[in-house]
Amino acid sequence: MAFKVAVVGATGAVGREMLKTLAERAFPISDVVALASPRSAGQQVSFGEDRVLTVRNLETYDFHGTDFGFFSPGAEVSAIHAPRAGDAGCIVIDNTSQFRMDPDVPLVVPEVNPQVLDKFAARPDWRRIIANPNCSTIQMVVALKPLHDKFTVRRVVVSTYQSVSGAGKEGMDELERSTKATYVNDYGKPEIFTKPIAFNVIPHIDRFMADGATKEEWKMAVETRKILDPDIAVMATCVRVPVFIGHAEAVHVEFANPAPLEKARAALRHFPGIIVFDERDDGGYITPFESQGEDAVYVSRLRVDSTVPHGLAFWCVADNLRKGAALNAVQIAETMIARGLMDRKAA
């Protein structure tokens, strides 16, 4: 089977990465359409090595006959157009925060909880919307899943080091401007971030909530529980760093059961989507720079955390535009095809 695909938000950083990922993985496509806002209609975007797509207007596009819609246009836009696409029979895989905590929408990382796709697709009232988790949540739950299966995760304390591409192309542009301005002592006023981002770190991603946490930190906690286990406690501190692409996390985990280090290492090594690179020597770890363009979630600095019973700590890195967004979305569609769920749709 081949499928008609629409990429919504095609001119943004994640949209372009989705088009690139679909082409690189030879996704079975009969036709591909690039969609964006009216002001972006008419622009051109690349698809594969030799195709250029002219961007069409999302607001006037008819989703009837479109099999998959990969959405990354912003939550407010998805709130309007994702249900419209679902009503037309299109399977929407939405990369925004709009539907993630909706109990009627599956939140999926294919290596971790693919079985929920079967459950939702079998429901007669299924909305045909699947949510892609937050980029930082994705890489963390991939790393936690094999450990949870063996030792049962009770509590996670995580500090993130998130690249500016998590704020889109505008965030990347601001880092470039801010870096150049620093060298001429003309800092200007930040537009995307709350403080200057060049040569700085900012412990603030998304808006503040009543308890002092930010929305990004809240997302990591509630999404981890929805995807992995509702009994896991998560304490997150999310920090923006002056890196263009690639998120890193320092993760401390407390388990319900003893978690011998070598058994944990073996579980991680044998889990799909994870590469363990942990040499305990100078350079024997992966940094965000090295994760760029890579599909894997990298785990380094694996060690015992002796401050809690049954504790481990590790360093986790992934390309946030790929596994943290575009790749995970494409893998969801691939999983639906492999599990025969698109056969059911066709029937």
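One table, with the values for the structure above:
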| item | result |
| --- | --- |
| Gain in span if fully extended, E170 to R51, counting 0.36 nm per residue against the direct Cα distance | 40.3 nm |
| Sparsely packed trypsin sites (Lys or Arg not before Pro) within region 193-282, loop by DSSP, other Cβ within 10 Å at most 14 | R207, R280 |
| Accessible area of the chain divided out per residue, in Å², using a probe of 1.4 angstrom | 44 |
| Cut-off 9 Å between beta-carbons: net charge of the residues surrounding K219, Lys and Arg +1, Asp and Glu -1 | -2 |
| Sum of side-chain charges, P258 neighbourhood, beta-carbon under 14 Å (Lys, Arg +1; Asp, Glu -1) | 0 |
| Beta bridge orientation in the chain: antiparallel %, DSSP, nearest 5 | 45 |
| Gain on full stretching of the segment that runs from N185 to V222 - 0.36 nm per residue minus C-alpha separation | 9.2 nm |
| Under the span-like rule (Cα at least 15 Å along the axis, Kyte-Doolittle mean at least -0.5), DSSP H helices of the chain | 13-24, 75-87, 135-151, 327-338 |
| Distance between modelled label sites at D125 and A233, nm, 7 Å Cα→Cβ extension | 3.5 |
| The chain: C-alpha gyration tensor shape, a/c 1.5 cut-off, then a/b vs b/c | oblate |
| Residue-wise HN-Hα coupling along region 245-250, computed from phi with Karplus coefficients 6.51, -1.76, 1.60 (Hz; x: Gly, Pro) | 9, x, 9, 10, 9, 9 |
| Prolate/oblate/rounded label for region 90-146 (Cα gyration tensor, a/c 1.5) | oblate |
| CD proxy at 222 nm, helix term only [per DSSP H run n ≥ 4: -39500 (n - 2.57); per residue of the chain; nearest 500] | -9500 deg cm²/dmol |
| Pairwise Cα inverse-distance average, inverted: Kirkwood Rh of region 258-305 (Å) | 11.6 |
| Per DSSP, loop GluC sites (Glu not before Pro) in region 244-311 with at most 12 further Cβ within 10 Å | E279 |
| Carbon + sulfur, % of accessible area of the chain - ligands and nucleic acids excluded, 1.4 Å | 50 |
| Selection of trypsin sites (Lys or Arg not before Pro), region 1-81, meeting DSSP coil and at most 10 other Cβ within 10 Å | R39 |
| Rg/Rg_globular for region 264-347, with Rg_globular taken as 2.2 N^0.38 Å and Rg from C-alpha atoms | 1.42 |
| Percent RCO, i.e. relative contact order, over region 6-51, from Cα pairs under 8 Å lying at least 6 residues apart | 50 |
| Shape call, region 188-347: gyration tensor on alpha carbons, a/c limit 1.5 | rounded |
| Summed side-chain charge close to T96 - residues other than T96 whose Cβ falls under 14 Å, Lys, Arg +1, Asp, Glu -1 | -3 |
| Y161 accessible area, assembled protein chains, probe 1.4 Å, Å² | 90 |
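The values are calculated or read from the model by the stated rules, or taken from the named source; none is laboratory data. What you see is a predicted model, and the numbers here were worked out from it, not measured in a lab. All Cβ positions, even for glycine, are placed from backbone atoms using ideal geometry, and neighbour counts span all protein chains on display. Calculation scope for accessible area: heavy atoms of the full protein, side chains included, ligands and nucleic acids excluded. Shrake-Rupley method; radii C 1.70, N 1.55, O 1.52, S 1.80 Å.
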